[in-house]
Amino acid sequence: MSSRLETEHLFKVFGRRPDAAVERLRQGADREELRAEGTTAAVIDASFTVEPGQIFVVMGLSGSGKSTLLRMLNGLLEPTAGQVRFDGQDLTALTGRELREVRARKISMVFQHFALFPHRSVRENAAYGLEVQGVPRAERERRADEALALCGLAGWEKSWPDELSGGMQQRVGLARALATDAGLLLMDESFSALDPLIRRDMQDQLLQLQKTLKKTIVFITHDLNEAMRLGDRIAVMRDGRIVQIGGAEDILLRPADDYVASFTQDVDRSRVLTARAVMDRGVRGDEADCACETAREDTPFTELCAISARVPHPVAVRDASGALVGVVPRQRLVGFLGDEQAAPVSCDAPRDKGGEKAVARA
Ligand SMILES: Nc1ncnc2c1ncn2[C@@H]1O[C@H](COP(=O)(O)OP(=O)(O)OP(=O)(O)O)[C@@H](O)[C@H]1O
Ligand SMILES: [Mg+2]
């Protein structure tokens, strides 16, 4: 139930003579120049593809254009220029009525503030999207209850929203989005209003659900750690433009510019990096022979250090199918992170107590 989402050269300009403004932006003008004329270039030339089943995170400072971009994806805002395609359909070419139909069936949105109806039960809130679709009552209640159970709210169907905690209310919002079977899920700062622990819990729950649901998800956040945890790919926006798209490792290790680098300063790299990021690609015959210890491509850095501490050899890396795809030299684990984050110095001191301690610290 999910499909590819593509945008091509999307622009949104608020203010006077938007078409002329787009032309100037295409020729390299930036936001500031247009602002002087009373025009806001909210989104400038955004192109990206989200594959079915992927979580695509859009990150950027306040005002960078994230919400505007998201609202163009479901047609709540009409692009000034460019295309949005979902499920093979050009959403920018649809009439208002067709667009409403697509929104009701194929796309759901989860907002930052729970946006629940206070005088409807939890079940009725979760069933709202189905009601809009015209699904008969018995069926929509059944599907709403299923979605609530998926979100850990079985037993709360008859409660009122104000009887629930903030985190639970947000889960009702998520259940509402899931109940409709929409293939595309748009989430705008959906967890930002939650306490840190509950927020983390919701992130885990979303990742868990996504394993089976495999929706196409666009998730907006200010928070780099959230972006790194959730995103299969991450787009970083600055002043209306996407300045980099990549995996967490790309953003951390190969930031496109100082702006992106400044975002990643405080990230705990040892938690984000995996074997894939630090390995040398390709395996020589002699390395394959002595590779008694192996890691997987997605083995976290800290675990990699623990593996490396057990043997004097390089660690071989296998992909999901089990094929050898690379090697991590031991030296890499010592010298890789630079500065104080390179705690696992004693990856080189296998099997002694100091080694274990250093690994635990990493
Ligand atoms: N309807 C509108 N009319 C005029 N300007 C707008 C409108 N909506 C957004 N903007 C402007 O477009 C720019 C991008 O806004 P947007 O809400 O997309 O940013 P954001 O990245 O979502 O910010 P935040 O993180 O604060 O939610 C801002 O300068 C904003 O003032
Ligand atoms: Mg916003």
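Bear in mind these aren't lab numbers, they're just calculated from the coordinates by the rules spelled out. Keep in mind it's a predicted model, so treat the numbers as computed, not measured. With ideal geometry, Cβ positions are generated from the backbone for all residues, glycine too; neighbour counts draw on all protein chains shown.
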Note, the stretch 163-168: 3J(HN,Hα) by Karplus (6.51, -1.76, 1.60, θ = phi - 60°), whole Hz, Gly/Pro = x, goes 8, 9, 5, x, x, 5
Residues of the stretch 235-267 with amide nitrogen under 14 Å from the 7 Å Cα-to-Cβ point of ARG281?
-> 250
Search the structure for amide H atoms under 5 Å from the amide H of SER47, placed 1.01 Å from N in the peptide plane, and list their residues when 5 or more places away or on another chain.
-> HIS9, LEU10
Compute the length gained on full extension between ALA256 and PHE111: take 0.36 nm times their separation in residues and subtract their Cα-Cα distance, giving the result in nm to one decimal.
-> 49.2 nm
Using packing as a proxy for protection, rank 132-140, 253-261 so that the peptide with the highest average count of other Cβ atoms within 10 Å comes first.
-> 253-261, 132-140
Output row, site ASP232, 7 Å Cα→C-beta label point, backbone N cut-off 15 Å, window the stretch 197-214, residues 207-214
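What does the highest-first list of 201-209, 105-113 look like by mean Cβ count within 10 Å?
On the way: 201-209: 16.4, 105-113: 19.7.
The packing order, highest mean first, is 105-113, 201-209.
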Report the label-to-label distance for LEU197 and ALA93 in nanometres (one decimal), using points 7 Å from each Cα along the Cα→Cβ vector.
-> 5.3
On full extension of the chain, what length is gained from LYS158 through ASP223, given 0.36 nm per residue of separation minus the C-alpha to C-alpha distance?
-> 20.0 nm
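With an 8 Å cut-off on Cα pairs and a minimum separation of 6 or more residues, tell me the relative contact order of the stretch 25-129 in percent.
On the way: 46 pairs, mean separation 14.1, N = 105.
Relative contact order of the stretch 25-129: 13 percent.
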List MET168, MET59 from most exposed to least, where exposure is judged by having the fewest other Cβ atoms within 10 Å.
-> MET168, MET59
Find the centroid of the Cα atoms in the stretch 166-220 and in the stretch 252-277, then give the distance between the two in whole Å.
-> 25
Non-local residues with an amide H under 5 Å from the amide H of ILE234, with H modelled 1.01 Å from N and Pro and chain starts lacking one, are VAL57, GLY246, GLY247
Can you give the extra length, in nm with one decimal, that the chain gains between SER47 and ALA320 once fully stretched, where that is 0.36 nm per residue apart less the Cα-Cα distance?
-> 95.3 nm
The answer for MET109, listing residues at least 5 apart or on another chain whose modeled amide H is closer than 5 Å to its amide H, is LEU186
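Just how large is the dipole of the chain about the Cα centre, in debye to the nearest 20, putting +1 at every Lys and Arg Cβ and -1 at every Asp and Glu Cβ? Walk me through the intermediate numbers first.
Values: 49 positive and 54 negative charges, 128 e Å.
Result for the chain is approximately 620 debye, rounded to the nearest 20.
Mind ordering 322-328, 51-57 by average Cβ neighbours within 10 Å, highest first? Mind dumping the intermediate values first?
Numbers: 322-328: 17.4, 51-57: 19.4.
Packing order, densest peptide first, comes out as 51-57, 322-328.
I need the per residue convex hull volume for the stretch 114-178, using only the alpha carbons, in cubic angstrom as a whole number. The partial results should precede the final answer.
Details: hull volume 4.6 nm³, N = 65.
Considering the Cα atoms of the stretch 114-178, their hull volume per residue is 70 Å³.
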To the nearest 0.05, the calculated FRET efficiency linking ARG271 and LYS211 through their beta-carbon distance, R0 being 22 Å, is 0.60
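Could you tell me which of the pairs LYS106/LYS214; LYS106/LYS158; LYS12/LYS66 are separated by over 19 angstrom between their Cα atoms in the structure shown? Mind showing how you got there, number by number?
Numbers: LYS106/LYS214 14 Å; LYS106/LYS158 27 Å; LYS12/LYS66 11 Å.
Violating the 19 Å limit, Cα to Cα: LYS106/LYS158.
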Taking the chain, the equivalent ellipsoid from its C-alpha gyration tensor has semi-axes in Å, biggest first, of 40, 28, 19
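Over the stretch 181-261, what relative contact order in percent results from Cα pairs under 8 Å that are six or more residues apart?
That works out to 24 percent.
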Residues in the stretch 215-253 that a label on ALA29 would reach, taking backbone N under 20 Å of a point 7 Å out along Cα→Cβ = 238-242
